[in-house]
Every structure is written in C-alpha cells, then in structure tokens.
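Colleague: I'd like to ask you about the structure that follows.
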Amino acid sequence: MPTNRTFTMIKPDAVQDGHSGAIIKMIEEAGFRIVALKKTQLTPERAGEFYAVHKERPFYNDLCKYMSSGPIVPMILEKDNGVADFRALIGATNPANADEGTIRKLFAKSIEANAIHGSDSDENAEIEGNFFFAHIEQF
Ligand code: UDP
Ligand code: MG
C-alpha cells in the first residue's frame, strides 16, 4: 500500500551555499508536509551505507566523500503521490537535463553535487527515512 511519504535530504553543496531555506520553502509550497527534519553530517562509512545500492558504480567512492563533506538536512515528507511528485519537483539527476523550475535546475552544481536527494519508491522512502529517524512516531 502506498504510504504517501517520501524521504529527502538537502545535500552538502546546497546547505553550504545557504540554500536550505529556499529549498524547504519550495517543498512546502509544492504541498509537502514536513514530518521530520534535522541537520546532521554523515561519516564516509554512513554515506557508503546509505548509497550501498550504488557500490559497484564508478562514482560511488567520490559520492561517499562528497556526501560526508559537510552538513546535510534530511527530511521525511508527506503528500499524496509523494514519491513521484517529489521526483518531479527535484528534476533529473544531472542538472543539465533537469526541467526549468526544478530544485536541481535552480540549485545543483553538477551531476554529483546535485543539491537534493529524493527516494525512488515507497519501499526505499521508508528504509531511508528510518536510516535517519529511527525512533520517529507519527506526527
Ligand atoms: N551520481 C554521480 N554520478 C552519476 C550518477 C549519480 O555522482 O553519474 C550521484 C548523484 O549525487 C546522485 C546520486 O549519485 O544523486 C545517486 O544516484 P541516482 O542514480 O540514484 O540518482 P538520483 O536518484 O539521486 O536522481
Ligand atoms: Mg536514486
């Protein structure tokens, strides 16, 4: 059954550049309710765990280094059709291919430093939310 929840994190480049507030504003204006939010930083090992699905990919080591390079802002979000609607709001992985007005088009620097994460399925949204918010109850 769809959960209507998705998981996101504002990545180190966007946090460092002071875009967290603008990005959260876009998320709320798009109709997502913030269920949980914090600011934290991953170790390279924890980043590797989060992205374990990509461990055979050529970009994996750089990605783990980048994702642990500074603070991030993980959030659990709620909206009808949340996973798909959020992927549309953030745009393509490579900002060069992202639609106008998407978060990645506006704020991403590169295919790696692409400002924001969005879960790709209800199942992964739950796993990824639990990765950061292990003891969260319903809000
Ligand atoms: N990534 C990268 N190089 C690539 C593809 C992806 O550095 O060629 C990074 C990028 O930060 C991306 C993350 O790895 O967001 C996870 O990749 P995925 O294919 O899952 O993209 P996403 O689901 O984030 O759009
Ligand atoms: Mg992905």
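Where a number appears in this text, it was derived from the coordinates with a stated rule and is not lab data. A quick note: this is a predicted structure, and the numbers were derived from the prediction, not measured. No Cβ is skipped: glycine too gets one built from the backbone with ideal geometry, and neighbour counts run over all protein chains shown.
Colleague: Find how much the distance from GLU56 to GLU123 grows on full extension, using 0.36 nm per residue of separation minus their present alpha carbon separation; answer in nm with one decimal.
Modeller: Contour length minus the Cα-Cα distance gives 22.0 nm.
Colleague: Relative to the present Cα-Cα distance, how much length would full extension add between ASP17 and ASN4 at 0.36 nm per residue of separation?
Modeller: The span from ASP17 to ASN4 would gain 1.7 nm if fully extended.
Colleague: Within 10 Å of each candidate Cβ there may be at most 15 other Cβ atoms; applying that plus a DSSP loop requirement, which GluC sites (Glu not before Pro) in the stretch 4-56 survive?
Modeller: Answer by residue number: GLU56.
Colleague: With labels modelled as points extended 7 Å from the Cα through the Cβ direction, what inter-label distance (nm, one decimal) is found for ALA96 paired with LYS65?
Modeller: Calculated label separation equals 2.1 nm.
Colleague: Number of Lys pairs in the chain with C-alpha atoms less than 20 angstrom apart, excluding same-chain neighbours closer than eight positions?
Modeller: 16
Colleague: Considering only DSSP states other than H, G, I, E and B, which trypsin sites (Lys or Arg not before Pro) in the stretch 1-66 qualify as loop sites with at most 16 other Cβ atoms within 10 Å?
Modeller: LYS38, LYS39, LYS55
Colleague: Counting C-alpha atoms alone, how compact is the stretch 27-139: give Rg to one decimal and Dmax as a whole number, in angstrom.
Modeller: 14.0, 39
Colleague: Take ARG87, ARG57, ARG104 and order them by how many other Cβ atoms sit within 10 Å, fewest up front.
Modeller: Starting with the residue having the fewest Cβ neighbours, the order is ARG57, ARG87, ARG104.
Colleague: Would you mind getting me the FRET efficiency between LYS39 and ASN130? Use the beta-carbon distance for r and R0 = 22 Å, nearest 0.05.
Modeller: Efficiency for this residue pair is about 0.75.
Colleague: Considering the convex hull of the alpha carbon atoms of the stretch 46-86, report its projected area averaged over all viewing directions, in nm², one decimal.
Modeller: Value for the stretch 46-86: 3.8 nm².
Colleague: Among ALA113, VAL35, PHE50, flag the residue with its Cα farthest along the positive direction of the charge dipole of the chain, charges on Cβ as +1 for Lys/Arg and -1 for Asp/Glu.
Modeller: The one lying farthest along the dipole's positive direction is ALA113.
Colleague: Could you work out the relative contact order of the chain, using alpha carbon pairs under 8 angstrom and six or more residues apart, expressed as a whole percent?
Modeller: Averaging sequence separation for qualifying contacts and normalising by length gives 38 percent for the chain.
Colleague: Could you run the Debye sum over the Cα atoms of the stretch 12-77, one equal point scatterer each and no solvent, and tell me log10 of I(q)/I(0) at q = 0.20, 0.22, 0.23, 0.28 Å⁻¹, two decimals?
Modeller: -0.86, -0.95, -0.98, -1.12
Colleague: While we're looking at this one, here's another question. Relative contact order of the stretch 66-139: what whole-number percent is it, with Cα pairs under 8 angstrom and at least 6 residues apart?
Modeller: Computed value for the stretch 66-139: 25 percent relative contact order.
Colleague: Take the Cα gyration tensor of the stretch 2-41, multiply each eigenvalue by 5, square-root it, and list the three semi-axes largest first, rounded to whole angstrom.
Modeller: Each semi-axis is √(5λ); the values are 20, 13, 8 Å.
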